[in-house]
Amino acid sequence: MSKPAFSTIAMEVSDQIATITLNRPDAMNAYTPHMCTELCDAFDRTDADPDVRAVIVTGAGRAFCAGADLSAGAETFNAVAHAEEAGEFDETDPRWRDTGGILNLRIWNSEKPVIAAINGAAVGIGATMILPMDVRIGVPGAKMAYPFVRRGIAWDGCASWFLPRVVGIETALDWSLSGRTFLSDEAHQRGLIGTLVEPDLLMETARERARQFIDNVAPVSVSMMRHMTWRMLGASHPMEAHRQETRAILRRGMSADAQEGVMSFLEKRSPAFPGQVPDDYPPGWPYDSEPDY
C-alpha cells in the first residue's frame, strides 16, 4: 500500500539523498501542527529506507520558514487558556507538548545526517528547527530571529539546549533575550550557519555536502558517530565518551565493514561497504548501559 501524499511538505529521493521541502510558499512556509506531523513522518521514512544516506531540508519559494502560523491572531495560544478555564488543563499531558520540540527531538534522533539548505527567512521555529541538523548552509541577506520574548512567550524546539551548544552562551543570550532580527551573514560569522552561497548554488552545495556523507564512507559508522557526537554534548566527563567509543570500535572492528575498509585501503580502491542502517547496528546499540570502568 502506498503511503499518503504530504500536504504541507514535499519529499523526493534521488542518488541516495532525500530532499524534504517545506511546502507552504504562499504562507512563507509557516509552521503548523500538521506540518510537524508530516515532517516527523518524513524522517520516519528516511530512517527506514536503506537507499537514503543523507537528508536535505529546505523551503519552497522565498522563505525557509517564517515561524509558527499566527494567522489565528490572539486565538493562536487560546486553546490552552480555554482548557485551563474548563479545568481540563494538565501540563504533563502529552497532547500539550511543544510541537517544535517534538520535531527537533525527531531530527536529533535521525539515523541519517541532516543538512539545512536555508533558502530565505528563518524565524522562530524556522530558526530553531535548523539547530539539530548537522550542516547549515544559507544564502546571504536572509532574515533570521528568535523573537519569542517579543511575542510574550518562550523558547520552542528544545532551543535552550541546542542553541548555546551550537553558537555559545553569549550569542545565544544576545539573540534570544533581545528577540532582534539579524541576517544570515551574522549567523555565519557567529557559527550558526557554516556556509553562505548565492541562491542559485544553494541546492548544488547542499547536495555536494550530502555526498561527503555518502561516498567512500560506511553508513553504519556515519550513523553511529552522528548519534555519539550529539549525545556527548551532554556528557559530564570524557569517561562517558571513552566507554561509548570503546564499545563502538570493538563492535565495528568485528564487522564486514571494517574488513572492507582495511582491504580497500590496502588495495587502493573505493570501498563497497555492505552494512546498512538500521539493520546492521552492532548488538546493544544504542548503548543504554556502560561497562564499569
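The values are calculated or read from the model by the stated rules, or taken from the named source; none is laboratory data. From a predicted model like this one, the values you see are computed outputs, not experimental measurements. Neighbour counts run over all protein chains shown; Cβ positions are idealised from the backbone, glycine included.
Remarks
- When Arg243 is tested against (1) within 25 Å of Ala54 (Cβ to Cβ); (2) out of contact with any helix residue (DSSP H, G or I) (no Cβ under 9 Å at 6 or more places or on another chain); (3) crowded, with 17+ Cβ neighbours inside 10 Å, exactly one condition is not met: (1).
- Taking the numbered list (1) hydrophobic (A, V, I, L, M, F, W, C); (2) touching a residue at least 60 places away in the same chain (Cβ under 8 Å); (3) not assigned by TED's automatic domain parsing to the domain that holds Thr19 in turn, Ala235 passes all entries but (2).
- Filtering region 21-48 to residues that are closer than 15 Å to Glu111 by Cα, acidic (Asp, Glu) and surrounded by 15 or more Cβ atoms within 10 Å (Cβ to Cβ) leaves Asp41, Asp47.
- Residue match in region 8-16 (condition: in contact with a Gly (Cβ under 9 Å, 6 or more places away or on another chain), closer than 24 Å to Ala127 by Cα and either outside any loop (DSSP other than H, G, I, E, B) or of a type in the set (Gly, Ala, Ser) (or both)): no
- Taking region 191-206 as the range and being surrounded by fewer than 17 Cβ atoms within 10 Å (Cβ to Cβ) and either in contact with a Cys (Cβ under 8 Å, 6 or more places away or on another chain) or closer than 26 Å to Pro164 by Cα (or both) as the test, the residues that pass are Gly191, Gly194, Thr195, Val197.
- Against the criterion of being touching a Lys or Arg at 6+ places or on another chain (Cβ under 6 Å), of a type in the set (A, V, I, L, M), buried (at least 24 other Cβ atoms within 10 Å of the Cβ) and in a loop (DSSP other than H, G, I, E, B), Ile115 does not qualify.
- Within region 227-269, tally of residues that are more than 14 Å from Tyr287 (Cα to Cα) and basic (Lys, Arg): 2
- Qualifying residues in region 223-240 (those that are loosely packed, with under 13 Cβ neighbours inside 10 Å and under 21 Å from Phe213 (Cβ atoms)) - the one nearest to the chain's Cα centre (by Cα): Thr229
- Considering the conditions (1) modelled with pLDDT under 75; (2) in a helix (DSSP H, G or I), Asp90 is excluded by exactly one of them, (2).
- When region 246-269 is filtered for residues that are over 29 Å from the mean Cα position of the chain (by Cα) and loosely packed, with under 14 Cβ neighbours inside 10 Å, the ones remaining, listed by number, are Met254, Ala256, Gln259, Val262, Met263, Phe265, Leu266, Glu267, Lys268, Arg269.
- Among the residues of region 137-177, the one identified as polar (S, T, N, Q) and under 17 Å from the mean Cα position of the chain (by Cα) is Ser160.
- Any hit, region 142-149, residues being surrounded by fewer than 24 Cβ atoms within 10 Å (Cβ to Cβ) and either outside the structural domain of Pro50 (by TED's automatic domain parsing) or over 27 Å from Glu38 (Cβ atoms) (or both): yes
- Hey, Trp285 within 19 Å of Ser110 (Cβ to Cβ), of a type in the set (A, V, I, L, M, F, W, C), assigned to a helix (DSSP H, G or I) and not assigned by TED's automatic domain parsing to the domain that holds Pro50 or not: no
- Inside region 21-55, residues that are of a type in the set (Ser, Thr, Tyr) and either more than 12 Å from Ile9 (Cα to Cα) or part of a helix (DSSP H, G or I) (or both) make up a count of 2.
- Count of residues meeting criterion [among the polar types (S, T, N, Q) and assigned to a loop (DSSP other than H, G, I, E, B)] in region 56-73: 1
- Scan of region 20-35 for residues that are hydroxyl-bearing (Ser, Thr, Tyr) and either in contact (Cβ under 8 Å) with a residue 40 or more places away in the chain or closer than 17 Å to Gly100 by Cβ (or both), ordered by number: Tyr31, Thr32
- Any chance Asp292 is part of a loop (DSSP other than H, G, I, E, B), surrounded by fewer than 17 Cβ atoms within 10 Å (Cβ to Cβ), charged (D, E, K, R) and not assigned by TED's automatic domain parsing to the domain that holds Ile56: yes
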